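Data block below; observations after.
The values are calculated or read from the model by the stated rules, or taken from the named source; none is laboratory data. Quantities reported herein were computed from a predicted structural model and do not represent experimental measurements. Here the Cβ positions follow ideal geometry from the backbone for every residue, glycine too, while neighbour counts run over all protein chains shown. For the accessible areas, the whole protein counts, side chains as well, though only heavy atoms, and no ligand, DNA or RNA atoms are used. Shrake-Rupley method; radii C 1.70, N 1.55, O 1.52, S 1.80 Å.
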Amino acid sequence: MGRLFGTDGARGVAITELTCEMAMQIGRASAMVLTQKTKHKPKILIGKDTRISSDVLEAALAAGICSIGADAAILGVVPTPAVAYLVRKREADAGIMISASHNSMEFNGIKLFSGKGYKLSDDIEEEIESLILDSPEKIEEQISGGANIGRITYDKNAGWDYIRSLMKTIDHDLSGIRVAIDCANGSASSTAEKLFSGLGAAVMLINSNPDGMNINDRCGSTCLDGLSRFVVANKCHIGVAFDGDADRCLAVDETGAIIDGDKLIAIFARDMRDRGILVKNTAVVTIMTNLGFTHFAKAGNINTVTTKVGDRYIIEQMLAGGYNLGGEQSGHIIFRDLSTTGDGQLTAVQLLSVLKRSDCKASELAKIMERYPQVMINVKISAEWKEKWKNDREIEDIIALNQKNLGTSGRILVRESGTEPLIRVMIEGRHFDVINDMAIKIADKIRERCPIRD
């Protein structure tokens, strides 16, 4: 797999790339690093999404954890943010989520949380990675036997405890709102109906019957067409969609139009500003945030702080600056007063709360900002081109030329994905035809200069 950890944990094709042996070693190394200062018998929580491979990796992780002498508490199928919450509530030493988020079923991943419920810093992940790749003998030295072996327990109240925590984040019910919910055949399938029905909303679920292989399959936050049609056909007030592990949320209004993450942050920023609870009048966003949000923020006297892509970097900046709202276009929204990580269902609860308090239509809320046309092309690359493509003169030149032609009316961002073997070419501007032509030319040049060899 090369380097184990990307921007959101370890990830790869399950069993063949992210192997059972690797999962066991991650369990062992994580137990060593994350519990090294504890004076009690350590406990690590394990949650998972609905992929067919999650059970196998869960078993391997639990075996690795217990072989080091720590206890493993199995949470079952829960959203990623449930692990972050339950680590704190259960006073555990660490948490692990088995999920490849929005990726298709053949992939899986391992996300690590500290005992405080935050995703690990690069330094700690590198320490874990170094043990596995460079010093496996140190892991072998720590393997326990006899009475020192850890125990496996099963937490049957995990889902309900998490649901109740979300219900307490608003002080009114959601009665009168008819909401369609796309669970992506993932983790939200186990929690969404209980949560939103419990808050009084009239709930209609779609893609909530996981079979281990249909997670994110033409559904969820990465494919909103079905939800849009369903909302219109069933005269819903709004629709919300989660990804496979329910740490993202996107929405569609009553007309079926998409409300992306940038518009969601704008809606929350204005609402929190008006209620006097937006700390330092600031929202933390990423380099991928639409230019329309920048103009909205300036007009509304809202400050912005920009980070790299990835909710872990957003939360790091929020903690450093003391901010309480951040997020990205993909639907990772972080309410630091309420959670330690991006939480799709928390985002949906807050959105429906704004909708009810505003007494207006979702389409009216979404008019809060003008979204600049944006083109995104993903170019597949092989491992040999990772990082190297940045130093190719012809790629540099075509990006610079097009940015010069675009001027101040738009921007070009070309970056390597932290979770997939892709280079993402993103261009924004006022005229779609112009930026689309530019994006195609840059993508073609990358394919030419970085060919995938058989």
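Side notes on the structure shown:
- Count - residues of the stretch 286-326 that are of a type outside the set (S, T, Y), out of contact with any Gly (no Cβ under 8 Å at 6 or more places or on another chain), crowded, with 20+ Cβ neighbours inside 10 Å and closer than 21 Å to G6 by Cβ: 3
- Restricting D433, D444 to those that are assigned to a helix (DSSP H, G or I), without any contact (Cβ under 8 Å) to a residue 40 or more places away in the chain and more than 25 Å from E387 (Cα to Cα) reduces the list to D433.
- Pick from the stretch 400-429, criterion among the aliphatic types (A, V, I, L, M) and in a strand (DSSP E or B), ranking: farthest from N290 (Cα to Cα): L422
- Taken together, the residues in the stretch 328-353 that are open to solvent by 10 Å² or more (accessible area, probe 1.4 Å) and in a helix (DSSP H, G or I) amount to 1.
- Among the residues of the stretch 424-446, the one identified as within 28 Å of the chain's Cα centre (by Cα) and among the basic types (K, R) is R424.
- Some residue of the stretch 72-88 being surrounded by fewer than 24 Cβ atoms within 10 Å (Cβ to Cβ) and free of Cβ contacts under 8 Å to residues at least 40 places away in the same chain: no
- Cβ pairs under 9 Å, 6+ apart, first in the stretch 35-55 and hydroxyl-bearing (S, T, Y), second part of a helix (DSSP H, G or I): T50/S187; T50/S189; T50/S190
- Among residues of the stretch 57-93, those that are on the phi > 0 side of the Ramachandran plot and either among the aliphatic types (A, V, I, L, M) or in a loop (DSSP other than H, G, I, E, B) (or both), counted: 2
- Breaking point among (1) open to solvent by less than 30 Å² (accessible area, probe 1.4 Å); (2) within 28 Å of N157 (Cα to Cα), for L264: (2)
- Test: residue in the stretch 233-254 that is of a type in the set (S, T, N, Q) and either touching a helix residue (DSSP H, G or I) at 6+ places or on another chain (Cβ under 8 Å) or within 19 Å of P81 (Cα to Cα) (or both): no
- Counting the residues of the stretch 176-234 that are of a type in the set (A, V, I, L, M) and part of a strand (DSSP E or B) gives 8.
- Flag if F335 is under 21 Å from R248 (Cβ atoms) and of a type in the set (F, W, Y): yes
- From the options K356, K388, residue that is out of contact with any Cys (no Cβ under 9 Å at 6 or more places or on another chain) and either on the phi < 0 side of the Ramachandran plot or of a type in the set (D, E, K, R) (or both): K356
- Residue list for the stretch 305-362, restricted to those being under 21 Å from F242 (Cβ atoms) and among the charged types (D, E, K, R): D311, R312, E328, R336, D343, K356
Residue by residue, here is whether (1) farther than 27 Å from I110 by Cβ; (2) touching a residue at least 24 places away in the same chain (Cβ under 8 Å); (3) touching an Asp or Glu at 6+ places or on another chain (Cβ under 7 Å); (4) acidic (D, E) holds:
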site: D343; (1), (2), (3), (4): no, yes, yes, yes
site: K356; (1), (2), (3), (4): yes, yes, no, no
site: E364; (1), (2), (3), (4): yes, no, no, yes
site: A383; (1), (2), (3), (4): no, yes, no, no
site: R411; (1), (2), (3), (4): yes, yes, yes, no
site: V414; (1), (2), (3), (4): yes, yes, no, no
site: R424; (1), (2), (3), (4): no, yes, no, no
site: E428; (1), (2), (3), (4): yes, yes, no, yes
site: M438; (1), (2), (3), (4): yes, yes, no, no
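- Residue that is nearest to E137 (Cα to Cα), among those in the stretch 23-35 that are surrounded by fewer than 24 Cβ atoms within 10 Å (Cβ to Cβ) and at pLDDT 95 or above: Q25
- Residue, surrounded by the fewest Cβ atoms within 10 Å (Cβ to Cβ), within the stretch 381-395, restricted to residues that are of a type in the set (D, E, K, R) and either under 18 Å from I452 (Cα atoms) or under 30 Å from the mean Cα position of the chain (by Cα) (or both): E387
- When the residues of the stretch 36-56 are filtered to those that are assigned to a loop (DSSP other than H, G, I, E, B) and hydroxyl-bearing (S, T, Y), the one that is surrounded by the fewest Cβ atoms within 10 Å (Cβ to Cβ) is T38.
- Scanning the stretch 93-125 for residues that are within 24 Å of K39 (Cβ to Cβ) and open to solvent by 10 Å² or more (accessible area, probe 1.4 Å) turns up D93, S114, G115, K116, Y118, S121, D123, I124.
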